[in-house]
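The values are calculated or read from the model by the stated rules, or taken from the named source; none is laboratory data. Keep in mind that what you see is a predicted model, and the values were worked out from it rather than measured. Every residue, glycine among them, receives a Cβ derived from its backbone with ideal geometry; neighbour counts consider all protein chains shown.
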Amino acid sequence: MYLAAHAVLDRHTAAWQGLKAFADGAAEFKRQVATVNDLARAQGAAGGSAEQKRVARQALAEAASKLGKAVLAYARKIGDTSLARQGDQSSSDLLTRRDTDCARVAAQIIEAARTRLPALADYGVNEARVNAVAEKLTAYEALIPKPRSEKAVSRNATKAMDAAFAAADKVLGDVLDNLTPSLEDTAPDFVREYETARRLAGADRPAEKEAANTSEAAKT
């Protein structure tokens, strides 16, 4: 949308830099374009944690469930129904729980196993295995809040981008478009290229802009 006008301004700096009001407008326009680009990069960098959390949750659920089955087998042998309930968690059971609830139940399984390590040795449970599940829990807990915070970052960036777009449009329409004809005698090539760039961006199609505005108004 702005790349063509930006490129023309860069190519013909000598044509307009002597006209102070135009130069000030061009600097402001470029500043707003840079802001848009920075915000777009920030939005791009903010994504990805939802998938990371899904993978970490899956890994935790599978490991905790396997550990829980060993605890369950031991609990049933000694007739401890309360311990059996703690260990009786399939991976699908854990995955259907809310984020924090999944972490809480996994932590209970880990604690139940850790406090019974000597008794669980015959069931294939040792400290290293318990620690491995605990590490998966730590990794998952660190990811729980990230998708939500990234959505907030994205929303804020979108609002800021809207403001930057509006500011760029304003300086183009109010300043640069109106001052360009003043440079026609001294820099005809610049004027021709600038007007072409603006035309390609739709600046000289008021009917279409009005139709778009009407359509947006109808949605609200």
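Is it the case that some residue within the stretch 113-120 is of a type in the set (K, R), free of Cβ contacts under 8 Å to residues at least 12 places away in the same chain and over 30 Å from K30 (Cβ atoms)? Scanning the stretch 113-120, I find no residue that is of a type in the set (K, R), free of Cβ contacts under 8 Å to residues at least 12 places away in the same chain and over 30 Å from K30 (Cβ atoms), so the answer is no. Please work out which residue is nearest to the chain's Cα centre (by Cα), limiting yourself to the stretch 122-131 and to residues that are in a helix (DSSP H, G or I) and loosely packed, with under 13 Cβ neighbours inside 10 Å. So, considering only residues that are in a helix (DSSP H, G or I) and loosely packed, with under 13 Cβ neighbours inside 10 Å, the one nearest to the chain's Cα centre (by Cα) is N131.
Name the single residue that is nearest to T13 (Cα to Cα) among those in the stretch 156-193 being of a type in the set (S, T, Y) and surrounded by 14 or more Cβ atoms within 10 Å (Cβ to Cβ).
T180
One residue stands out in the stretch 84-110 among those that are closer than 11 Å to V71 by Cα and assigned to a loop (DSSP other than H, G, I, E, B): the one that is farthest from the chain's Cα centre (by Cα), namely D88. Do we find a residue being surrounded by 15 or more Cβ atoms within 10 Å (Cβ to Cβ), over 34 Å from the mean Cα position of the chain (by Cα) and either at pLDDT below 95 or on the phi < 0 side of the Ramachandran plot (or both) anywhere in the stretch 40-58? The answer is no, given that none of the residues of the stretch 40-58 is surrounded by 15 or more Cβ atoms within 10 Å (Cβ to Cβ), over 34 Å from the mean Cα position of the chain (by Cα) and either at pLDDT below 95 or on the phi < 0 side of the Ramachandran plot (or both). From the list A113, A134, A119, A142, the lone residue that is modelled with pLDDT of 95 or more, closer than 16 Å to R57 by Cβ and not in a loop (DSSP other than H, G, I, E, B) is A134. Within the stretch 1-19, residues that are under 9 Å from F190 (Cβ atoms) sit with their Cβ atoms under 9 Å from residues that are buried (at least 17 other Cβ atoms within 10 Å of the Cβ) and among the acidic types (D, E), at 6+ positions apart or across chains, in these pairs: V8/E193; R11/E193; H12/E193.
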